[in-house]
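Participant: First, the structure itself, so that you have it in front of you.
The values are calculated or read from the model by the stated rules, or taken from the named source; none is laboratory data. Model, not experiment: these values are computed from the prediction. Here Cβ is always computed from backbone atoms with ideal geometry, including for glycine, and neighbour counts include all displayed protein chains. Ligands, DNA and RNA are stripped out before the accessible areas are found, and what is left, the full protein with its side chains, is counted by its heavy atoms. Shrake-Rupley method; radii C 1.70, N 1.55, O 1.52, S 1.80 Å.
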Amino acid sequence: MAAILMDGKKLSQKIRDDIKTKAATLKENGITPCLAVVLVGEDPASLSYVKSKEKALAEAGMESLDIRLPQETNEKELLAVIADLNKNDKVHGILVQSPVPKHINEETVNSAVVPEKDVDCFHPVSVGNMVLERPGFLPCTPHGILMLLNEYNIKTSGAHAVIAGRSNIVGKPLVNLLIRRNYNATVTVCHTGTKDFQKHALQADILIAAVGKPGLIKPEMVKEGAVVIDVGINRVPDLSNQKGYRVCGDVDPAVEQKAGYLTPVPGGVGPMTIAMLLQNVIQTAQKHGG
Ligand code: GUN
């Protein structure tokens, strides 16, 4: 039987409608929630991501301060822009689109955003707070995945979650969230050093693919009826498409016949990331209002 597709677009719209109401209330109190969106360079995928974020902010009645810097921007210049945004009272959140050009140290940039405005949850203090379960922001993509699991009543307690990928954005934070007592999952993380990926993957009640390799997860790696979360957003050349490429996930489409639940790409995890970002901006703007 084909898997139930987990509709991230629909759930994210519901969350965004709720955020819109909260933004309107804040505005009545004289606060317009504002996110500074910084993009360095012209990477087409990054440009399309930041545009989606800015559009979502506008639709929710929030402001975005769109900052586009040339590819040649050096680290010192970028840090100066971030320092200004840190001081700017009208800006509640700061997002520097990742990846930054290779001549800029991403860790230095992530540590430059004050934790109070770190809506991505990339600053070491934000990450520490998240791991220790202290108040603070939750990282957008992992949080979005948890919201989707919750929406489809997927039981995480006692479940074996297998995560493919150990990135700072998805894999690492997701382990920490899934092992919290309220989620209570047992987690295995697989990566390039893993010897027999298929053996681990087949044990998963919940399999999360966040590696950035198109179609990596094949049906023979998936337990019958498992929940499969596809975090991949890969552009693959496709001349039959007007854009010259199409977007596909880390999961082979044939997995739909084996999984119990599956997040589509596009329309699964991606929209949830944006909804959680808006939620983090509202959270910090509300604090700002006292
Ligand atoms: N690049 C890919 N995903 C993200 C994200 O969630 N935030 C930022 N800042 N950059 C990204």
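Participant: Taking a probe of 1.4 Å, how large is the accessible area per residue of the stretch 222-290, in Å²?
Facilitator: 45 Å²
Participant: Leaving ligands, DNA and RNA out of it, work out the accessible area of Thr32 with a 1.4 Å probe and give it in Å² to the nearest 10.
Facilitator: Approximately 50 Å² of Thr32 is accessible to the 1.4 Å probe.
Participant: Given a 1.4 Å probe and the protein chains all in place, what does the accessible area of Glu72 round to, in Å² to the nearest 10?
Facilitator: Approximately 140 Å² for this residue.
Participant: Can you give the extra length, in nm with one decimal, that the chain gains between Asn86 and His191 once fully stretched, where that is 0.36 nm per residue apart less the Cα-Cα distance?
Facilitator: 34.3 nm
Participant: Using label points projected 7 Å from each Cα along Cα→Cβ, tell me how many nm separate Leu47 and Lys213, to one decimal.
Facilitator: Spacing of the two 7 Å Cα→Cβ label points: 3.0 nm.
Participant: Can you tell me which aspartates and glutamates have their Cα less than 20 Å from the Cα of Lys223? Leave out same-chain residues fewer than eight positions away.
Facilitator: Once the sequence-local aspartates and glutamates are set aside, what remains near Lys223 is Asp196, Asp205, Asp250, Asp252, Glu256.
Participant: If you add up the charges near Phe122, with Lys and Arg at +1 and Asp and Glu at -1, over every other residue whose beta carbon is less than 13 angstrom from its beta carbon, what do you get?
Facilitator: Overall, the nearby charge balance is -2.
Participant: What are the semi-axes of the equivalent ellipsoid for the stretch 206-290, taken as the square roots of 5 times the Cα gyration tensor eigenvalues, largest first, in whole Å?
Facilitator: Sorted largest first and rounded, they come to 30, 19, 9 Å.
Participant: Between Ser167 and Ser240, what is the spin-label point distance in nm, taking each point 7 Å from the Cα along the Cα→C-beta axis?
Facilitator: The two pseudo-label positions are separated by 2.7 nm.
Participant: Size of the dipole of the stretch 192-290 about the Cα centre, Lys and Arg at +1 and Asp and Glu at -1 on the beta carbon, nothing else charged, in debye to 20?
Facilitator: Magnitude of the dipole: close to 280 debye.
Participant: Could you work out the helix-only [θ] at 222 nm for the chain, with each DSSP H run of four or more residues adding -39,500 (n - 2.57) and the total divided by the number of residues, to the nearest 500 deg cm²/dmol?
Facilitator: -12000 deg cm²/dmol
Participant: Here is a further query. In the structure displayed, which of Lys51/Lys172; Lys55/Lys287; Lys53/Lys172; Lys90/Lys172 lie more than 30 Å apart, Cα to Cα?
Facilitator: Over 30 Å Cα-Cα: Lys90/Lys172.
Participant: Can you pull the percent of the stretch 131-290's accessible area that's carbon plus sulfur, 1.4 Å probe, other chains left in place?
Facilitator: Reported share for carbon and sulfur atoms: 51 percent.
Participant: For the stretch 257-273, just list the computed ³J(HN,Hα) in residue order, Karplus coefficients 6.51, -1.76 and 1.60, θ = phi - 60°, integers in Hz, with x standing in for Gly and Pro.
Facilitator: 7, 10, 6, x, 9, 8, 8, x, 10, x, x, x, 6, x, x, 5, 4
Participant: Let me ask you something else. Taking 0.36 nm per residue of separation and subtracting the Cα-Cα distance, what length does fully extending Leu132 through Met1 add?
Facilitator: 43.1 nm
Participant: Specify the angular offset, from 0 to 90 degrees and rounded to the nearest 10, of the alpha carbon long axis of helix 140-151 from the longest principal axis of the alpha carbons in the chain.
Facilitator: The helix 140-151 is inclined about 50 degrees to the chain.
Participant: Solvent-accessible area of Ile233, probe 1.4 Å, all protein chains present, reported in Å² to the nearest ten, please.
Facilitator: Counting only protein heavy atoms, the figure is 80 Å².
Participant: Can you list residues from other chains, or at least 5 along the same chain, whose modelled amide H is less than 5 Å from the amide H of Asp66?
Facilitator: Answer set, sorted by chain and number: Val37.
Participant: Roughly how many debye, to the nearest 20, is the charge dipole of the chain about its Cα centre, given +1 on each Lys and Arg Cβ, -1 on each Asp and Glu Cβ, and no other charges?
Facilitator: 440 debye
Participant: Quick one: ranking Met221, Met147 by accessible area, 1.4 Å probe, largest first, what do you get?
Facilitator: Output order, biggest surface exposure first: Met147, Met221.
Participant: Something else about it: Take the Cα atoms of the chain, build their convex hull, and give its volume per residue in Å³.
Facilitator: It comes to 136 Å³ per residue, whole-number rounded.
Participant: Between helix 8-28 and the chain, what is the angle of the helix's C-alpha long axis to the longest principal axis, kept within 0 to 90° and rounded to the nearest 10?
Facilitator: 20 degrees
Participant: Of the heavy-atom accessible surface of the stretch 46-93 (probe 1.4 angstrom), what whole percent is carbon and sulfur?
Facilitator: Ligands and nucleic acids excluded, carbon and sulfur give 54 percent.
Participant: Normalise the Debye intensity by I(0) for the stretch 200-255, one equal point scatterer per Cα, no solvent, then take log10 at q = 0.14, 0.22, 0.28 Å⁻¹ and round to two decimals.
Facilitator: So the normalised log intensities work out to -0.39, -0.77, -1.06.
Participant: How much accessible area per residue does the stretch 36-101 have, counting only protein heavy atoms and a probe of 1.4 Å, in square angstrom?
Facilitator: Value returned for the stretch 36-101: 48 Å² of accessible area per residue.
Participant: If you line up the Cα atoms of the stretch 1-139 on their principal axes, what length do they span on each, largest first, in Å?
Facilitator: 48, 48, 34
Participant: Just tell me which aspartates and glutamates come within less than 16 Å, Cα to Cα, of Lys14; anything on the same chain fewer than 8 places away is out.
Facilitator: Glu59, Glu151
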